[in-house]
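The values are calculated or read from the model by the stated rules, or taken from the named source; none is laboratory data. Being a predicted model, the structure only gives us computed values, none of them experimental. Here Cβ is always computed from backbone atoms with ideal geometry, including for glycine, and neighbour counts include all displayed protein chains.
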Amino acid sequence: MVSRRFIGVEPSLIRRYFEVVSYGKDVIDLTIGQPFFEPPREVIEEYVRVLKSGGHRYGPNAGLFELRDAICRMYVEDWGLNYDPRFECTIVCGASEGILCSLLAVVEEGDRVLVPDPGYVQYRYAVKIVGGKPTFYHLKFERGFQPDIEELKNLASKFRPKAIILNSPCNPTSTIIRSEVLKAICDIAVDYGMTIISDEVYDRIVYNGYKHISPAKYAYDNTIIVNSFSKAFAMAGFRVGFVLAPKHLMNAIYLAHCYNTNCAGKPEQYAAIKAIEVRKTFLSRIIEWYEERRSIVLNILGKLKDRFIPPEGAFYIFLRVDDIFDSSIKFVDSLIEKVKVACVPGKAFGEYADKFVRISFSTDIKSLKEGLSRIVSFVENI
Ligand SMILES: Cc1ncc(COP(=O)(O)O)c(C=O)c1O
């Protein structure tokens, strides 16, 4: 008998559509949740160098000290946040492992955890797997996908949740939580003793003067930051991520990681140090690439502009389609069948999210233009 914790846990719908695209050769793929470009050249060179010179051995459980130190120095310099590399940083195998270890560290059997809907697929299932109960707060289109403070206050006082998961910039909505909203959420977390698990994997991909702010700025003692090299540095396959948290939270996260994966790979950790070293020039280049794609999207989807909020960060359009089909899966299946373009049904991101589909613009410009034009004609001719 498998554990009851897996009742209702399902494979990600995103993967199902990823497979449709892999097998259906002439389908334009706008499902992609990872960067379209290569990692920095220095990263690959360092990976190969380390692999050839002893990199096949185990490293320390918490991760290489040199990498933890580089991350903590980067956080002071770029975000003004201070963490001690000895006790307040653990290197994990991608943000995915960081999220699971953070939940394992704070959630006890039956505890409520506030999870966004729409929200990244892993959250609600990871909460269930650690024995918690996902309790949804809604990011409504009419509110620009901003969390509703009144709703959060009500949920906090009714259920006394152990933790809240935040994700800004957000997958799938591509919006950024406004600083005053973030501050109010942090106040609720402090008042009710909730831990904030802040998934910041898109922190570097922001547009038009929007700014990423970590909740650690307003509620340092309550916040666990989870981040990785997957999105900003196109290193998704390297599986290197990190968790930053004050010492009183970090010890349990560290132990969860030790008895889960032991340690992250060594060559990829040295490669991550290189990514940090070259970040300034590399990140300004990728933002230009994303901005170019974002303007193409806004231009081609102009006729559908009432159906989405222009991306503030990340690289997705979350298009409202509930007046066209009563399910996002039907929309995407029909889109693939009629015009051979694949995107991800909102259903993958929650129940409210079922009103939308997620279109990724992290792809080559030719496919992007053709794919978007086909979506516009599909919607207009339905
Ligand atoms: C919001 C969000 N968090 C976490 C992850 C997983 O990141 P990683 O590759 O670092 O495990 C993703 C990947 O798509 C994501 O979109």
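General observations
- When Ile375 is tested against (1) more than 16 Å from the ligand (Cβ to nearest atom); (2) within 21 Å of the chain's Cα centre (by Cα); (3) at pLDDT 95 or above, just one condition goes unmet, and that condition is (2).
- Odd one out for Ser284 among (1) farther than 30 Å from Ser53 by Cβ; (2) outside any helix (DSSP H, G or I); (3) among the polar types (S, T, N, Q): (2)
- Residue that is farthest from the ligand (Cβ to nearest atom), among those in the stretch 223-237 that are buried (at least 24 other Cβ atoms within 10 Å of the Cβ) and over 23 Å from Leu182 (Cα atoms): Phe233
- Just one residue in the set Gly59, Gly55, Gly63, Gly98 is in the same structural domain as Ala234 (by TED's automatic domain parsing) and at positive phi; that residue is Gly63.
- Residue in the stretch 68-87 that is surrounded by 16 or more Cβ atoms within 10 Å (Cβ to Cβ) and within 13 Å of the ligand (Cβ to nearest atom) present: no
- Tally, over the stretch 193-225, of residues that are of a type outside the set (Asp, Glu) and farther than 14 Å from Val106 by Cα: 19
- Boolean, Met194 is within 11 Å of the ligand (Cβ to nearest atom) and crowded, with 21+ Cβ neighbours inside 10 Å: no
- Scan the stretch 309-332 for residues that are closer than 23 Å to Lys369 by Cβ, over 15 Å from the mean Cα position of the chain (by Cα) and not basic (Lys, Arg) and the total you get is 7.
- Checklist (1) in contact (Cβ under 8 Å) with a residue 24 or more places away in the chain; (2) surrounded by fewer than 15 Cβ atoms within 10 Å (Cβ to Cβ) applied to Leu30, failing item: (2)
Residue-wise test of (1) in a loop (DSSP other than H, G, I, E, B); (2) of a type in the set (A, V, I, L, M, F, W, C).
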position	(1), (2)
Leu155	no, yes
Leu182	no, yes
Ala189	no, yes
Gly209	yes, no
His212	yes, no
Asp221	no, no
Phe233	yes, yes
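- Close contacts from the stretch 305-324, counting a first residue that is farther than 15 Å from Ile176 by Cβ and a second that is at pLDDT below 95 and surrounded by fewer than 24 Cβ atoms within 10 Å (Cβ to Cβ), with Cβ to Cβ under 9 Å and a gap of 6+ residues or different chains, come to Ile324/Ile382.
- Checking Ile253, Ile276 one by one, the residue that is touching a residue at least 60 places away in the same chain (Cβ under 8 Å), surrounded by fewer than 22 Cβ atoms within 10 Å (Cβ to Cβ), in a helix (DSSP H, G or I) and within 16 Å of the ligand (Cβ to nearest atom) is Ile276 and no other.
- Where a residue in the stretch 70-94 is not assigned by TED's automatic domain parsing to the domain that holds Ala272 and its partner, wherever it lies, is surrounded by fewer than 22 Cβ atoms within 10 Å (Cβ to Cβ), with Cβ under 8 Å and at least six apart: none
- Matching residues, the stretch 363-382, being of a type in the set (Gly, Ala, Ser) and free of Cβ contacts under 8 Å to residues at least 40 places away in the same chain: Ser377
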